[in-house]
1. Across segment 40-73, what is the number of residues that are of a type in the set (S, T, N, Q), under 23 Å from residue 329 (Cβ atoms) and either modelled with pLDDT under 95 or open to solvent by 30 Å² or more (accessible area, probe 1.4 Å) (or both)?
2. Can you tell me which of (1) in contact with a strand residue (DSSP E or B) (Cβ under 8 Å, 6 or more places away or on another chain); (2) closer than 21 Å to residue 44 by Cβ; (3) open to solvent by 10 Å² or more (accessible area, probe 1.4 Å); (4) not hydrophobic (A, V, I, L, M, F, W, C) is the one residue 234 doesn't meet?
3. Only one residue in 34, 23, 13 is on the phi < 0 side of the Ramachandran plot, surrounded by fewer than 21 Cβ atoms within 10 Å (Cβ to Cβ), part of a strand (DSSP E or B) and touching a Ser or Thr at 6+ places or on another chain (Cβ under 7 Å). Which one?
4. What residue, among those in segment 180-192 that are among the aliphatic types (A, V, I, L, M) and out of contact with any Pro (no Cβ under 9 Å at 6 or more places or on another chain), is surrounded by the fewest Cβ atoms within 10 Å (Cβ to Cβ)?
5. Keeping to segment 144-154, report how many residues are at pLDDT below 95 and open to solvent by less than 10 Å² (accessible area, probe 1.4 Å).
6. Condition first: over 13 Å from residue 130 (Cβ atoms) and open to solvent by less than 40 Å² (accessible area, probe 1.4 Å). Now tell me which residues in segment 163-179 satisfy that.
7. I'd like to check something: does segment 311-322 contain any residue that is more than 17 Å from the chain's Cα centre (by Cα), under 15 Å from residue 122 (Cβ atoms) and open to solvent by 10 Å² or more (accessible area, probe 1.4 Å)?
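The values are calculated or read from the model by the stated rules, or taken from the named source; none is laboratory data. Quantities reported herein were computed from a predicted structural model and do not represent experimental measurements. So basically every Cβ, Gly included, is an ideal-geometry build from the backbone, and we count neighbours across all protein chains shown. Each accessible area value is taken on the protein alone, full model and side chains, heavy atoms only, with ligands, DNA and RNA left out. Shrake-Rupley method; radii C 1.70, N 1.55, O 1.52, S 1.80 Å.
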Amino acid sequence: MELTYQSFELLLRHTFTIAKFSRTSTPVMLIQVRHEGYTGYGEASMVPYMGESFQSAADFLNRVNVPQFKYPFDFQHIIAYLDSIAPGNPAVKAGIDIALHDLDGKLRQRPCWQILNSEPSKMPQTSFTIGIDTPELIVQKVKENPDCKIIKVKLGRDSDKELINTIRSVTNLPIFVDANQGWTDLQQSLDMTHWLHEQGVLLIEQPMLKTDPDNNAWLTERSPIPIIGDESVQRLPDVEKAKGVYHGINIKLMKSAGMYEAHQMILKAKELDLKIMIGCMSETSCATLAAAALAPQCDWADLDGPFLTSNNPYQLPEFVDGKWVLNNEAGLGISPLGPL
């Protein structure tokens, strides 16, 4: 078994601004694992605020003892092994996990979604994200929507109402809102949930600081819209902590260290009667299809990475009626556009 990797700068179509950060690209480590003539593809999308980089990913990958990945794969053992190498580093761990899932599907000649017991007919519609920007650019971005049936809006600044009103001036599509911990005043936040409810908003992600469960819980108890934990929910132990604080959780493979633990988080959330959103960072088709393999087990999806980037090194998966289409190809069903 052989593991190789290469750095890749994933370019964004527009400057992407959330409550506290802006960026124009995302460092991505493309990972391949080869075994018995098959190649599994993985991806570590390392958004800067999560603390990973090309250097940290390369340092981690160089410490991986590939013979640990004995086939058939024991993914519980594999994630425990990766965690033993170093704490944190969830994105590069996810990249390895995704590559191994893709390889596993190819070796078994089965699609990953089938191995994970997903039902393609239950695929939720995915949202199309609009970052914080000027009204003129907001309108332009909405018009670039690639037939998604839901708009996701980044909030968390003083211009929140103006941004929503701008979007409502050009579309009546349902809206997801993500405040990215940008709200601070409880009463203003509660008033905003009621106003957003009137504007056709379906859910609100991480309104207040992830380190403030009490105020998030207070808002959740009173909000007419589901409140979803995002930054506060990273890996499996965080799911139980979300109970009583949020109505649901947002799972991202780059936080959960990959598909295996994301699936465990889904199962735990269902056990706790928490709603489930599956989201993404700025990602290529590779990580998008990895998350899409689990999306039918979730209530909502925000898997728009390939639509927000301009140099995706993989083919765009089929997208119909606002949903990613899961094909019957072995593994993830991913196709590189050229040599990686």
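1. Qualifying residue count, segment 40-73: 0.
2. Checking residue 234 against (1) in contact with a strand residue (DSSP E or B) (Cβ under 8 Å, 6 or more places away or on another chain); (2) closer than 21 Å to residue 44 by Cβ; (3) open to solvent by 10 Å² or more (accessible area, probe 1.4 Å); (4) not hydrophobic (A, V, I, L, M, F, W, C), the one that fails is (1).
3. Being on the phi < 0 side of the Ramachandran plot, surrounded by fewer than 21 Cβ atoms within 10 Å (Cβ to Cβ), part of a strand (DSSP E or B) and touching a Ser or Thr at 6+ places or on another chain (Cβ under 7 Å) holds for just one of 34, 23, 13, which is 13.
4. Selected residue: 186.
5. Number of matching residues: 1.
6. 179 - this is the single residue of segment 163-179 that is over 13 Å from residue 130 (Cβ atoms) and open to solvent by less than 40 Å² (accessible area, probe 1.4 Å).
7. Yes, segment 311-322 contains at least one residue that is more than 17 Å from the chain's Cα centre (by Cα), under 15 Å from residue 122 (Cβ atoms) and open to solvent by 10 Å² or more (accessible area, probe 1.4 Å).
Every residue, every condition in (1) in contact with a strand residue (DSSP E or B) (Cβ under 7 Å, 6 or more places away or on another chain); (2) surrounded by 20 or more Cβ atoms within 10 Å (Cβ to Cβ), yes or no:
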position	(1), (2)
75	no, no
105	yes, yes
118	no, yes
129	yes, yes
142	yes, no
161	no, no
